[in-house]
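Some notes on the structure that comes next.
The values are calculated or read from the model by the stated rules, or taken from the named source; none is laboratory data. All figures in this text were calculated on a predicted structure; none of them were measured in a lab. Every residue, glycine as well, gets a Cβ built from its backbone with ideal geometry; the counts of neighbours run over all protein chains shown.
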Amino acid sequence: MICIDLGSNSLRMIQIDCQTKEPVKTYEKIVKTAELLHSEGVISPAALERILQGFKEAAEIFDFKREPCVAVTTEAMRRATNAVEVTERIYQETGVKFEIISAEKEAELTLFAVERRLESLGFRGAFLLVDIGGGSTEIIFKKGHLSESKSFPVGIVTMASKYPSKELLQANLPKELTAIKEYVHAYYLREGKPDFYVATAGTPTTIAGFKQDMAYENYDATRINGSTLNYFDCTRALKALMELSFDERARYVGVGREELIIAGVLIYASLFEVFDYEVSVIIDDGLREGLAIKACKKGLKA
């Protein structure tokens with residue numbers, strides 16, 4: 001069973017061992033699905049070609065013709081006016097049929113994977129989870145057996161497109177984050193502030209890797225899971241990354257993330273103040289892993 005997550009920025013695939021719940025094969029590519037979403041409301045032809053190229057590369061790792069696939073796609077396809085045409089083209093070219101899932105389903109699967117990883121690392125208690133994606137940011141609360149979530153249209157691809165310079169994004173981020181701040185603080189008043197703050201997705205994991213001097217091609221999720229970052233880690237990473245050449249920056253953050261990482265770091269750094277936490281726990285697992293573990297739980301071969 002191949003499990004695929006086509007997000008607003010990246011195409012991620014996984015096959016896991018259903019006994020250990022650990023990866024057997026993985027693939028990831030930056031495809032910038034949402035690059036024209038803010039300005040034109042569509043998935044661009046260039047983004048579609050990057051997605052299809054990703055499948056060609058992944059075909060060297062996975063056997064799409066013989067192995068069954070479960071494939072989901074999220075915010076960019078939820079909002080794009082040409083989502084049906086794009087997913088149909090992908091199906092015609094690859095044989096993989098994507099389901100456009102709701103923000104609630106996305107949060108459920110992400111939480112499922114993150115909570116399992118936190119438990120394996122010994123973390124206990126109520127937590128706030130943020131998933132900063134290419135087209136949206138998901139805020140998820142978990143307290144005991146109860147959880148709730150909300151999706152906000154603040155993503156690294158859409159924000160980078162809307163505000164093409166670091167200065168413009170910094171100036172406008174406070175207003176872009178207002179709805180998130182109001183939602184979070186309303187939850188605090190109602191349920192109390194969670195015990196700790198968790199961050200997943202490409203931006204926090206990339207910063208955590210950079211902090212450990214980990215090049216993108218040598219990325220090791222086992223060194224990332226359970227590590228921590230604070231606001232100053234973000235500002236130091238941003239300064240250091242901006243001082244690097246374009247090619248050297250790509251060595252750390254991955255080809256295709258060279259400019260987007262700036263928007264990602266600015267958003268993530270701002271959330272420390274919005275959420276009122278000094279530190280966040282970093283977890284690599286996300287939607288892709290949640291989808292795979294659910295497939296295993298249903299008794300499917302993964």
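When you go through E217, E289, E278, E243 one by one, which is the residue that is of a type outside the set (A, V, I, L, M), surrounded by fewer than 15 Cβ atoms within 10 Å (Cβ to Cβ) and within 18 Å of T26 (Cα to Cα)?
On the way: E289 fails: surrounded by fewer than 15 Cβ atoms within 10 Å (Cβ to Cβ); E278 fails: within 18 Å of T26 (Cα to Cα); E243 fails: within 18 Å of T26 (Cα to Cα).
Only one candidate qualifies: E217.
With the condition kept exactly as written, say whether any residue in the range 39-46 is buried (at least 23 other Cβ atoms within 10 Å of the Cβ) and outside any loop (DSSP other than H, G, I, E, B). No: zero hits.
Can you find a residue that is assigned to a helix (DSSP H, G or I), farther than 30 Å from S120 by Cβ, of a type in the set (G, A, S) and within 17 Å of the chain's Cα centre (by Cα) anywhere in the range 240-263? Yes, the range 240-263 contains a residue that is assigned to a helix (DSSP H, G or I), farther than 30 Å from S120 by Cβ, of a type in the set (G, A, S) and within 17 Å of the chain's Cα centre (by Cα).
Could you identify the single residue in L291, L238, L287, L244 that is touching a residue at least 60 places away in the same chain (Cβ under 8 Å), out of contact with any Gly (no Cβ under 8 Å at 6 or more places or on another chain) and on the phi < 0 side of the Ramachandran plot? Being touching a residue at least 60 places away in the same chain (Cβ under 8 Å), out of contact with any Gly (no Cβ under 8 Å at 6 or more places or on another chain) and on the phi < 0 side of the Ramachandran plot holds for just one of L291, L238, L287, L244, which is L291.
Would you check which residues across the range 110-136 are aliphatic (A, V, I, L, M), touching a strand residue (DSSP E or B) at 6+ places or on another chain (Cβ under 8 Å) and assigned to a helix (DSSP H, G or I) and list them?
Taking the range 110-136 first, the residues aliphatic (A, V, I, L, M) are 111, 113-114, 118, 121, 126, 128-130, 132.
Filter once more, so that each one left must be touching a strand residue (DSSP E or B) at 6+ places or on another chain (Cβ under 8 Å): 111, 114, 118, 126, 128-130, 132.
Of everything in the range 110-136, those that are aliphatic (A, V, I, L, M), touching a strand residue (DSSP E or B) at 6+ places or on another chain (Cβ under 8 Å) and assigned to a helix (DSSP H, G or I) turn out to be L111, V114, L118.
Would a scan of the range 167-181 turn up a residue that is basic (K, R) and touching a helix residue (DSSP H, G or I) at 6+ places or on another chain (Cβ under 6 Å)? Checking the range 167-181: at least one residue is basic (K, R) and touching a helix residue (DSSP H, G or I) at 6+ places or on another chain (Cβ under 6 Å). Only one of the numbered conditions (1) more than 20 Å from V279 (Cα to Cα); (2) charged (D, E, K, R); (3) at pLDDT below 90; (4) surrounded by fewer than 17 Cβ atoms within 10 Å (Cβ to Cβ) is not met by E258, and that is (4).
A residue that is of a type outside the set (S, T, N, Q), touching a Lys or Arg at 6+ places or on another chain (Cβ under 9 Å), more than 16 Å from Y268 (Cβ to Cβ) and surrounded by 13 or more Cβ atoms within 10 Å (Cβ to Cβ) occurs nowhere in the range 166-175.
All conditions in (1) out of contact with any strand residue (DSSP E or B) (no Cβ under 7 Å at 6 or more places or on another chain); (2) aliphatic (A, V, I, L, M); (3) surrounded by 14 or more Cβ atoms within 10 Å (Cβ to Cβ); (4) farther than 24 Å from R223 by Cα hold for V70, with the sole exception of (1). K97 satisfies every condition listed in (1) more than 28 Å from R117 (Cα to Cα); (2) in contact with a Gly (Cβ under 9 Å, 6 or more places away or on another chain); (3) among the basic types (K, R) except (2). How many residues, within the range 112-143, are touching a residue at least 60 places away in the same chain (Cβ under 8 Å), under 16 Å from I156 (Cβ atoms) and β-branched (V, I, T)? Counting residues in the range 112-143 that are touching a residue at least 60 places away in the same chain (Cβ under 8 Å), under 16 Å from I156 (Cβ atoms) and β-branched (V, I, T) gives 3.
Across the range 22-52, the qualifying residues are those that are in contact (Cβ under 8 Å) with a residue 60 or more places away in the chain and among the small types (G, A, S), and the one among them that is nearest to C296 (Cα to Cα) is A34.
Could you tell me how many of the residues in the range 273-300 are within 30 Å of R236 (Cβ to Cβ), part of a helix (DSSP H, G or I) and more than 18 Å from the chain's Cα centre (by Cα)?
Taking the range 273-300 as the starting set, the residues that turn out to be within 30 Å of R236 (Cβ to Cβ) are 273-289.
From what's left, part of a helix (DSSP H, G or I): 273-275, 287-289.
Those still in the list that are more than 18 Å from the chain's Cα centre (by Cα) too: 273-275.
Qualifying residue count for the region: 3.
Assessment of the range 46-57 against the conditions (in the same structural domain as T94 (by TED's automatic domain parsing) and more than 23 Å from A80 (Cα to Cα)) yields at least one matching residue.
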